[in-house]
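What follows is a short report on a single structure.
The values are calculated or read from the model by the stated rules, or taken from the named source; none is laboratory data. Everything quoted here is computed from the prediction, not taken from an experiment. Neighbour counts run over all protein chains shown; Cβ positions are idealised from the backbone, glycine included. The accessibility values were calculated without ligands, DNA or RNA, using every heavy atom of the protein model including side chains. Shrake-Rupley method; radii C 1.70, N 1.55, O 1.52, S 1.80 Å.
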Amino acid sequence: MSQTTPERYSARSLTCPRTLRQYVWIPIVFALFVIASGTHTNAGEPVRIWVDQSGLHAIEASLMNITDEVALLRRPNGSKVKIEVAKLSQADQDYLSSWSDRSGFSENHLRWTPPVLPKFSAQPLVDLPPATNLLDDGDALAPVQGALSLVKTSLPSACLPDPQPFSYDLAFGKQTIGDIEPYDSVSRPLVIATADQTFLAASISSGLNSTQSSTANRIVCYEPATGKASTVYQSKDPVTILDHHQPSGRTLVLYGHRVMGHGGQLAVARGWEDDKLSVKYFRSLPMMATSQTPAATEAKQVHWARWVDDEHVIAAIDSEIAVWNLFSGECAHRICRIHSACEPAISAGRRYIAVPRAGSVELYETQNGMSLGTIPIEPGQRPYVSFSPRGDSLAIATTSRLRVWELSSASVRGEAKSRRSLGKGAPVWIDTDLVLSSTGVLLSIYRGVPIWRYELSGSTVDSYGFSDQRRGVGLVTRRPHGQIAYVEVPHETVRRALPWVNDRLAPNVDAMWDIPGKSVLGEYGWADRDLQFTQFEQASR
């Protein structure tokens, strides 16, 4: 090993002066009194989420009555709770003020619109101890080491929100990038910002072993603001973009892996500013503890990997999740074991990792591997997870249901059910209410139902935080020709369909609910199909 330390960006220079600790530990202002179960809940009143004025504490219950400015609520377990109306959020107070005028509300939805949630400031960036030694190119990462922490089977307690530390401003647009074959491997599109531009980047790796051309595998980038698309890296060896660390400008890639993803080396790509990438700091996968031969790494597979800070990566390799310093090769600590079919998720600020398992989701701290608790779901179901860019919520999707676990209140904030399959992939956050499934089903958490469907077959999709001006998703699609795009979601048709959705929410909605329309990506943007709501159905005739 040489004693040279790689160039290092100081994350401490971006440290936020305030954290949210002062907000999280505010005493709960609800005056809660559990009462023995008595009369039944009004069947017409929905089970919904009630939030206090700080927005940090919530309870799931249905309204029974209001007496002397105190609301009587009934929890799903049958217990009753009294809450002073004055201590509820304004949205809840408005709900109560119009309560006497309501009838026939759905028991399925939780809210007509999302509550006004507090804004969170980003915490200081995670910054683990830097490398003191530098591995030579091609050397292997250290074997996984360290004892596994005891997994907490109880529910996680309240956690500090861990929001996205950077904001991005992307224009809408799309561009052709050349044909993508059905057997090619396409990465999710990443957003990358330099001093001069903000653009999307994705990798396309050939799925044919016989392809040995120096241009068979490529990394492309697209700047929606200018419409410019270009190929910034080409190689005869497969290359897959895994993650980008914005402060240091380092992109984590897997290089030289096999067609099915086995083998290869983790490496760093740099040079986005010059539109010409170079790849260096190649690190072979860790060897088996029982075999110290290079052949032991060939069967290994990187299922998932992300940056923790500007030197450390957290990776799921075979059945282990651990944190390594990519430059020294040291294994910082072990997180847990994992089934290869489960894809973890890391929070926007990199403090938490969610590990899905059959029937549950486990939460851990990335900095030390400590278990924070377990969120149960239906037994036997294999979930798919993603953290909100706000850093306060975790979306948990199965094939037919989406739940949102709120970190700051340590409770389920809401859920939505779907008769259409939600697929086998991580859900994508659009805003605090809308979440897009891997099959393109757009679900409203507070309405409790899917409200649209986007045709995403053959596409990889990701989102990059919430913007009042431009809410959308980045995608790479194979059809009709390979395209990379940043597109509006929800688009105008969906926004105009929401009143129609609200009017039709009714008891037993699960048995009869159908999505009011779908959209496919056309030459000029979203093209709408199968419209069910009246104003558009008449206009299309």
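For the range 417-438: of the residues being farther than 10 Å from THR399 by Cα and not in a loop (DSSP other than H, G, I, E, B), which is farthest from the chain's Cα centre (by Cα)?
Restricting to residues being farther than 10 Å from THR399 by Cα and not in a loop (DSSP other than H, G, I, E, B), the top hit is LEU434.
State yes or no: is TYR464 over 22 Å from ASP528 (Cα atoms) and buried (at least 21 other Cβ atoms within 10 Å of the Cβ)?
On the way: over 22 Å from ASP528 (Cα atoms): yes; buried (at least 21 other Cβ atoms within 10 Å of the Cβ): yes.
It is true that TYR464 is over 22 Å from ASP528 (Cα atoms) and buried (at least 21 other Cβ atoms within 10 Å of the Cβ).
If ASP275 satisfies all but one of (1) on the phi > 0 side of the Ramachandran plot; (2) modelled with pLDDT of 90 or more; (3) acidic (Asp, Glu), what's the number of the condition it fails?
Exception for ASP275: condition (2).
Go through the range 376-406 and count every residue that is assigned to a loop (DSSP other than H, G, I, E, B), small (Gly, Ala, Ser) and buried (at least 17 other Cβ atoms within 10 Å of the Cβ). Show your work before the answer.
Residues of the range 376-406 that are assigned to a loop (DSSP other than H, G, I, E, B), as a first pass: 377-383, 388-392, 398-400.
Narrowing further to those that are small (Gly, Ala, Ser): 380, 388, 391, 400.
From the residues that got through so far, the ones that are buried (at least 17 other Cβ atoms within 10 Å of the Cβ) too are 388, 391.
Going through the range 376-406 one residue at a time, the tally reaches 2.
If a residue has to be within 14 Å of VAL268 (Cα to Cα) and open to solvent by 20 Å² or more (accessible area, probe 1.4 Å) to count, how many in the range 190-241 make the cut?
The total comes to 2.
Quick check: is even one residue across the range 149-158 surrounded by 19 or more Cβ atoms within 10 Å (Cβ to Cβ) and part of a loop (DSSP other than H, G, I, E, B)? Lay out the reasoning, then the answer.
Kept after step one, since they are surrounded by 19 or more Cβ atoms within 10 Å (Cβ to Cβ), are these residues of the range 149-158: 156.
Checking which are part of a loop (DSSP other than H, G, I, E, B) leaves us with 156.
Looking through the range 149-158, at least one residue is surrounded by 19 or more Cβ atoms within 10 Å (Cβ to Cβ) and part of a loop (DSSP other than H, G, I, E, B).
Kindly establish whether SER444 is touching a Ser or Thr at 6+ places or on another chain (Cβ under 7 Å) and either open to solvent by less than 10 Å² (accessible area, probe 1.4 Å) or among the small types (Gly, Ala, Ser) (or both). Don't jump to the end; show me each part of the working.
Details: touching a Ser or Thr at 6+ places or on another chain (Cβ under 7 Å): no; either open to solvent by less than 10 Å² (accessible area, probe 1.4 Å) or among the small types (Gly, Ala, Ser) (or both): yes.
No.
Take SER154 and decide whether it is hydroxyl-bearing (Ser, Thr, Tyr) and at pLDDT below 90.
Numbers: hydroxyl-bearing (Ser, Thr, Tyr): yes; at pLDDT below 90: no.
No; evaluated as a whole, the condition is false for this residue.
Filter the range 331-359 down to the residues that are open to solvent by 20 Å² or more (accessible area, probe 1.4 Å), part of a strand (DSSP E or B) and under 18 Å from SER319 (Cβ atoms) and list them by number.
HIS333, ARG334, ARG337, ARG357
If I ask for residues that are at pLDDT below 95 and of a type in the set (D, E, K, R), which ones from the range 281-309 would you list?
Result: GLU298, LYS300.
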